[in-house]
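The values are calculated or read from the model by the stated rules, or taken from the named source; none is laboratory data. Note that the structure is a prediction, hence the values are computed from the model and not measured. Cβ atoms come from the backbone with ideal geometry, glycine included; neighbour counts cover every protein chain shown.
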Amino acid sequence: MKKFMKIVSIVSVLALMATVFTGCQKKGEVTTLKVSEVTHSVFYAPQYVAINRGFFEEEGIEIELINGGGADKVMTAVLSGGVDIGFAGPEASIYVYNEGKENYCQVFAQVTKRDGSFLISREKYDDFKWEDLQGKVILPGRKGGVPYMTLLYVISQKGLELNKDVFFNDTIQFDLMASSFTNGIGDFVTAFEPVATSIEESGKGYIVASVGEESGEIPYTAYFATKDYIEKNSDLIERFTRALYKGQLWVRDHTAIEIAHAIAPSFPDTDIAILEKVAERYKNIDAWCDNPVLKEASFEKLQTVMSAAGELKQKAPYAYVVNNTFAEKAVK
């Protein structure tokens, strides 16, 4: 027994020394994180600010950003290990949890607090009203996605009934919606910025409403990773969240033109005047969170919207799907 305890003690000391040595090795090193974003949009300005202003670099992180082209594709990449972190609607993590997966995904940082898409019409309206959608076809995004469900929630609140008053064409892939619309499909489309403004600038459509302004606050876009990945890389997730929080505070405290210049490297093909216009538009609808904590009340509203859309048969527990540990530390 004494011999065994002596061996255990030696092993413990060696393990401790290895930990200390590893910590020294990691100091000053940069870790590359693969992050899949649901789409590339000014809507995610805090993320691009954190990248371009060097906040991730300060935390020893380099971001390899990948455009996932839809929440379902982002989640697939996360679950398959193709990327480390997903950036999409929290609904994706709710679906995965309800499927009973043991290594489900946890949301650890919220970025946007309302729908960031804008309703674009093929016709010009001097005074658009939601009842103008009567008998029209809208390209709303993928069925079961937050853009689809939020729009459905809004039209229901306006007294319009799907497939009776308004018709959704959800056969178009998320990343092909804008081009499909400009090629003549549908009467209306929802689009994020700067795509929405680009359509308007090209004369192929007119922005008539903000979906997020009508829907109210909802946890629209957040970062998530598998439970195992978070547990094994807690320090990395903490540093990631801290860098993001710096980006959120920077966006909160700066003007639209300052935000436009800060995110410009992430949108090299977009004119700075459009970036400023778009940033101002998102500021006006209060789209961005000023901290990464996802509150339970917001999470429950999201599930209410999902249930109303017929996409959620069973609510997922907030305490399991949302992990605020790192967000709360960042804020403190």
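Among the residues making up the range 111-154, those that are closer than 30 Å to Tyr245 by Cα and assigned to a strand (DSSP E or B) are Val111, Thr112, Phe118, Leu119.
Among the residues of the range 296-308, which ones are touching a residue at least 60 places away in the same chain (Cβ under 8 Å) and within 21 Å of Ala109 (Cα to Cα)? Lay out the reasoning, then the answer.
Step one: filter the range 296-308 for residues touching a residue at least 60 places away in the same chain (Cβ under 8 Å), giving 298-299, 301-303, 305-306, 308.
Correct list: Ser298, Phe299, Lys301, Leu302, Gln303, Val305, Met306.
The set of residues from the range 222-247 being closer than 17 Å to Ala330 by Cβ and polar (S, T, N, Q) comprises Asn233, Ser234, Thr241.
Would you mind stating whether Lys143 is assigned by TED's automatic domain parsing to the domain that holds Ile272, within 23 Å of the chain's Cα centre (by Cα) and of a type in the set (Lys, Arg)? Can you show your working first?
Numbers: assigned by TED's automatic domain parsing to the domain that holds Ile272: no; within 23 Å of the chain's Cα centre (by Cα): yes; of a type in the set (Lys, Arg): yes.
Answer is no for this residue.
Checking the structure you have, find out if any residue of the range 86-93 is in contact (Cβ under 8 Å) with a residue 40 or more places away in the chain, of a type in the set (D, E, K, R) and within 26 Å of Leu249 (Cα to Cα). Checked against the condition, which is being in contact (Cβ under 8 Å) with a residue 40 or more places away in the chain, of a type in the set (D, E, K, R) and within 26 Å of Leu249 (Cα to Cα), the range 86-93 yields at least one hit.
Hey, can you tell me all the residues within the range 57-71 that are assigned to a loop (DSSP other than H, G, I, E, B) and in contact with a strand residue (DSSP E or B) (Cβ under 7 Å, 6 or more places away or on another chain)? Full working, then the answer.
First, the residues of the range 57-71 that are assigned to a loop (DSSP other than H, G, I, E, B): 59-60, 68-70.
Passing the criteria: Gly60, Gly68.
Beta carbons closer than 6 Å, at least 6 apart along the sequence or on distinct chains, pair a first residue in the range 55-67 that is more than 12 Å from Asp84 (Cβ to Cβ) with a second that is of a type outside the set (Val, Ile, Thr) and in a loop (DSSP other than H, G, I, E, B) for Asn67/His40. Restricting attention to the range 300-328, the residues being touching a helix residue (DSSP H, G or I) at 6+ places or on another chain (Cβ under 9 Å) and either among the hydroxyl-bearing types (Ser, Thr, Tyr) or surrounded by 14 or more Cβ atoms within 10 Å (Cβ to Cβ) (or both) number 19.
Only one of the numbered conditions (1) charged (D, E, K, R); (2) farther than 25 Å from Val107 by Cα; (3) modelled with pLDDT under 95 is not met by Lys204, and that is (3). The residue of the range 58-90 that is surrounded by the most Cβ atoms within 10 Å (Cβ to Cβ), among those that are at pLDDT below 95 and touching a Lys or Arg at 6+ places or on another chain (Cβ under 8 Å), is Ala71.
Give, as residue ranges, the helices (runs of 4 or more DSSP H) completely inside the range 175-291 that count at least 3 residues that are crowded, with 21+ Cβ neighbours inside 10 Å and in contact with a Phe, Trp or Tyr (Cβ under 7 Å, 6 or more places away or on another chain). Show your work before the answer.
On the way: elements: 177-182, 195-201, 211-215, 227-232, 234-253, 256-263, 272-284.
Ranges flagged: 234-253.
Among what's in the range 91-107 and is touching a strand residue (DSSP E or B) at 6+ places or on another chain (Cβ under 6 Å) and in a helix (DSSP H, G or I), pick the residue that is surrounded by the fewest Cβ atoms within 10 Å (Cβ to Cβ). Looking at residues that are touching a strand residue (DSSP E or B) at 6+ places or on another chain (Cβ under 6 Å) and in a helix (DSSP H, G or I), I get Val96. For the range 117-166, the candidate set comprises residues that are closer than 11 Å to Thr190 by Cα and of a type in the set (Gly, Ala, Ser); within that set, the residue that is modelled with the lowest pLDDT is Gly141. Are any of the residues in the range 244-265 within 21 Å of Gly216 (Cα to Cα), in the same structural domain as Asn52 (by TED's automatic domain parsing) and touching a Lys or Arg at 6+ places or on another chain (Cβ under 7 Å)? No.
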